[in-house]
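The values are calculated or read from the model by the stated rules, or taken from the named source; none is laboratory data. What you see is a predicted model, and the numbers here were worked out from it, not measured in a lab. Every residue, glycine among them, receives a Cβ derived from its backbone with ideal geometry; neighbour counts consider all protein chains shown.
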Amino acid sequence: MNVEWLEAFLITTKAKSLTKASEQLHMTQPALSKQMRKLEEDLGATLFIRSATGVELTEAGKILFEEIEPVLRKIHSIRKDILMTKGITGIKIGTWPSIAAFYLPDRLAAAKKSHKDREISIKVSYSYKEILRFLREGIIDVALLDDREIQHPYWSKQLFSEPFYLFVHRQHPLAKRDHIYFNDVKDESLVVLPPSCDVRILLEKAFKIHNADLKISSEIDFGQSIIGFISANLGVSILPEIFTHHADQSRIKALPIVDFKMKRVISLISRNPDMGKLLLSLLFSPY
């Protein structure tokens, strides 16, 4: 049986929806459906009852679900042990300040507990071009960024996706709302990150998709500085969800943009696939 199909089966079962599971797996729903059909053909049994509201397990599906998670956990453990034999002792990660500050610390702490001999360091940059140069020149071993709009020849694995929010001061008129639509914000002048940042690239693309012009009030290198501007009621911004966890909620409100046609998708990128797979197993494995 294909391990990738089994992992997709597990996620689909927990999500109870092919649509939701395909979003988590960063693949199209038809591609996920094809994988599930192949798995069913391989096992000779129907695993899901499909309906307009989602999917439910058949009796065969229930048996597979009950047995497969510990098996996948063991497979990932074996993979990790094999990769450890390759003599990789130190890993350097290059990424954005927001990922370094808000996403990696808990994962690094967990990895330190189980792999004290693995030294993992982080190098931060505000430019995807610089991060890719670091990777090309061997200054870093892996990179974490959204590479969908970037051409490169390296091994890549998508880790997670996040929606964008409008960040406003609590005194802003829109702060009275629980959510907004793109038309509510399309004429706002925004505080933005530099053009070399993936957030800016995605923001510009989203405005083009919505047939609107991106209006800029200020350009600031560091996302946390933008949060500071908003906290002082000096502007508004559209930023990824990761910033919602560390904004002062007494001063700032983050509003979901219901029809915003863009998400940021962070991928793990490595020149050496073995190095990428090792870090994937150390920091990002669900098992």
When you scan region 237-287 for strands (runs of 3 or more DSSP E) that lie fully inside it, which ones turn up with 2 or more residues that are surrounded by fewer than 19 Cβ atoms within 10 Å (Cβ to Cβ) and within 16 Å of the chain's Cα centre (by Cα)?
263-270
Identify, please: which residue in region 157-172 is surrounded by 17 or more Cβ atoms within 10 Å (Cβ to Cβ) and in contact with a Ser or Thr (Cβ under 9 Å, 6 or more places away or on another chain) and is, among those, farthest from F243 (Cα to Cα)?
H169
Here is a list of conditions, (1) free of Cβ contacts under 8 Å to residues at least 24 places away in the same chain; (2) surrounded by fewer than 16 Cβ atoms within 10 Å (Cβ to Cβ), and R200 meets all of them except one; can you say which number that is?
(2)
Which condition breaks for N272 when tested against (1) in contact with a helix residue (DSSP H, G or I) (Cβ under 7 Å, 6 or more places away or on another chain); (2) in the same structural domain as S98 (by TED's automatic domain parsing)?
(1)
Is it fair to say K62 is among the basic types (K, R), over 28 Å from the mean Cα position of the chain (by Cα) and at pLDDT 90 or above?
yes
Answer yes or no: is there a residue in region 205-215 that is in contact (Cβ under 8 Å) with a residue 60 or more places away in the chain, out of contact with any Gly (no Cβ under 6 Å at 6 or more places or on another chain), crowded, with 18+ Cβ neighbours inside 10 Å and not aromatic (F, W, Y).
no
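When you check L72 against the structure, is it modelled with pLDDT of 90 or more, closer than 30 Å to R264 by Cα, of a type in the set (A, V, I, L, M, F, W, C) and not in a loop (DSSP other than H, G, I, E, B), yes or no?
Numbers: modelled with pLDDT of 90 or more: no; closer than 30 Å to R264 by Cα: yes; of a type in the set (A, V, I, L, M, F, W, C): yes; not in a loop (DSSP other than H, G, I, E, B): yes.
Here the answer is no, as L72 does not meet what is asked.
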Number of positions in region 115-125 that are part of a loop (DSSP other than H, G, I, E, B) and touching a Gly at 6+ places or on another chain (Cβ under 9 Å):
2
Matching residues in region 1-34 - criterion: being within 17 Å of the chain's Cα centre (by Cα) and of a type in the set (K, R):
K20
Out of L25, L18, report the one residue that is without any contact (Cβ under 8 Å) to a residue 40 or more places away in the chain, in the same structural domain as E56 (by TED's automatic domain parsing) and in contact with a Gly (Cβ under 9 Å, 6 or more places away or on another chain).
L18
